[in-house]
Amino acid sequence: MSELEDLRKEIEEIDENIIKLLSKRFQISQQIGKIKKEKGIPITDENRESKVKEKWITLARKYGIPESFVESFLTMIFSYSKLYQVNPKSKRRIVIIGYGGMARSLSSLFKISGQEVVITGRDLKKAEALSSEFNFVTMSVDSALKWGEIIISTLPPSAYFSDFMNETYKKIKAKIFMDITSSKAKIFKDIEDKSIKYNFMYLSIHPLFGPYLYPVGEKVVLIPSKTSTSIVRDIYEFFMDNGLVPLISSLEDHEKAMSVVQVLPHFYLLALSSSIQELSKELGIDFKKFETTNFREVYKIINRINEIKNVILEIQENNPYADKAREFGVRELNNLYTQLMGKKNDALHS
């Protein structure tokens, strides 16, 4: 056997040991999940994750492993460890209206937690395509609403004023209804009024994560309406059991927070995206050949923003504090511009 083959055999043995150790780690994570459930502790423990990360980086430096590799690998370890900790107390009958990215994300979450899920919507072929991905069931809207206990609509804000939704509200008597929109100012009061009129429980939610699979450990905001105060604790525990970290908020605080964490960054990123393209054209340079590490990460975010640009613009239009957020954003850009130009002029005259 050649030296190369010997070394490859040694790597194969190491790889098997790595898999064995990962399996053991995930088994321990599963045991930890059971203890957390008994004590009512959320799956995500940010303090613990920070300490583990510090330890891994220390070990990486000790053994000459790139920190960037360790950080990327540890992110995956955290994510999959949380999957093993999901252990809900009971199954609920959940209906998801819609079949887009967020419907797929929530479906993946409910799949690993073993929930009973029906996916429906106006286009049953699209609903069936998503259902088949997770081995769920598709029903007509009427049948799904009769069957379900928790109804989660993943439709865009404009859809809530459609004839389709007006008919849907009439058929969810005594059920729990949720929307997942990012900006709720225009729809919350309308749905709340409908919940009073048609006798269903409306609890608005906002998953604070994008349309990706298995979002265990991520946060979800719960915004109670007049008709859902009695079920807030139940839904809080439901989401915690299914691997999310629930936060209870008023509508006003939610909209204010979203103006800071969504409206303002998205405003900058959309402007940055177009500025990068226009400046590179003006200078006649292919900037991608010269990407720094930080720029590459920022540009990934810009590309994700552009992929959901319609949603981003909808948030800009609907958030009641958006004008103020953009006003502050432009003001601070101008302040920075003035500061930098002032230093440049001082340097020229010194």
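Summary table
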quantity	calculated
Residue within segment 159-166 that is more than 20 Å from ASP253 (Cβ to Cβ), touching a helix residue (DSSP H, G or I) at 6+ places or on another chain (Cβ under 7 Å) and small (Gly, Ala, Ser) present	yes
Scope segment 308-329; condition farther than 12 Å from VAL263 by Cα and loosely packed, with under 13 Cβ neighbours inside 10 Å; matching residues	LYS309, ASN310
Residue, surrounded by the fewest Cβ atoms within 10 Å (Cβ to Cβ), within segment 201-222, restricted to residues that are more than 17 Å from the chain's Cα centre (by Cα) and under 20 Å from ALA103 (Cβ atoms)	LEU203
Any hit, segment 7-26, residues being touching a residue at least 60 places away in the same chain (Cβ under 8 Å), among the charged types (D, E, K, R) and within 28 Å of LEU244 (Cα to Cα)	no
Qualifying residues in segment 241-291 (those that are surrounded by 12 or more Cβ atoms within 10 Å (Cβ to Cβ) and among the acidic types (Asp, Glu)) - the one nearest to TYR212 (Cα to Cα)	ASP241
Evaluation of ILE305 against (1) in contact with a His (Cβ under 8 Å, 6 or more places away or on another chain); (2) within 24 Å of LYS175 (Cβ to Cβ); (3) not charged (D, E, K, R) (one fails), failing number	(2)
Matching helices (runs of 4 or more DSSP H) fully within segment 1-96 where at least 3 residues are within 30 Å of PHE134 (Cα to Cα) and small (Gly, Ala, Ser)	3-39, 67-85
Yes/no for LYS89 being over 21 Å from ASP179 (Cα atoms), surrounded by fewer than 19 Cβ atoms within 10 Å (Cβ to Cβ), out of contact with any helix residue (DSSP H, G or I) (no Cβ under 6 Å at 6 or more places or on another chain) and of a type outside the set (A, V, I, L, M)	no
Residues of segment 48-82 classified as of a type in the set (A, V, I, L, M) and touching a helix residue (DSSP H, G or I) at 6+ places or on another chain (Cβ under 6 Å), total	4
Test: residue in segment 241-250 that is modelled with pLDDT of 95 or more, in a helix (DSSP H, G or I), closer than 22 Å to GLU149 by Cα and not assigned by TED's automatic domain parsing to the domain that holds LYS309	no
Criterion (free of Cβ contacts under 8 Å to residues at least 12 places away in the same chain, surrounded by fewer than 16 Cβ atoms within 10 Å (Cβ to Cβ) and within 20 Å of VAL232 (Cα to Cα)) met by exactly one of LYS125, LYS189, LYS173	LYS189
Subset of segment 134-148 [among the aromatic types (Phe, Trp, Tyr) and buried (at least 20 other Cβ atoms within 10 Å of the Cβ)]	PHE136
Matching entry among ILE112, ILE94 (being surrounded by 21 or more Cβ atoms within 10 Å (Cβ to Cβ) and touching a residue at least 40 places away in the same chain (Cβ under 8 Å))	ILE94
Among (1) over 26 Å from ASP142 (Cα atoms); (2) part of a loop (DSSP other than H, G, I, E, B); (3) in contact with a Phe, Trp or Tyr (Cβ under 9 Å, 6 or more places away or on another chain), the one test that THR181 misses	(1)
Options ILE57, ILE43: the member that is surrounded by 15 or more Cβ atoms within 10 Å (Cβ to Cβ), assigned by TED's automatic domain parsing to the domain that holds TYR80 and within 20 Å of GLU218 (Cβ to Cβ)	ILE43
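The values are calculated or read from the model by the stated rules, or taken from the named source; none is laboratory data. Keep in mind that this is a model prediction, so the values were computed, not measured. Quick reminder, even Gly has a Cβ in these numbers, built from the backbone with ideal geometry, and neighbours come from all protein chains shown.
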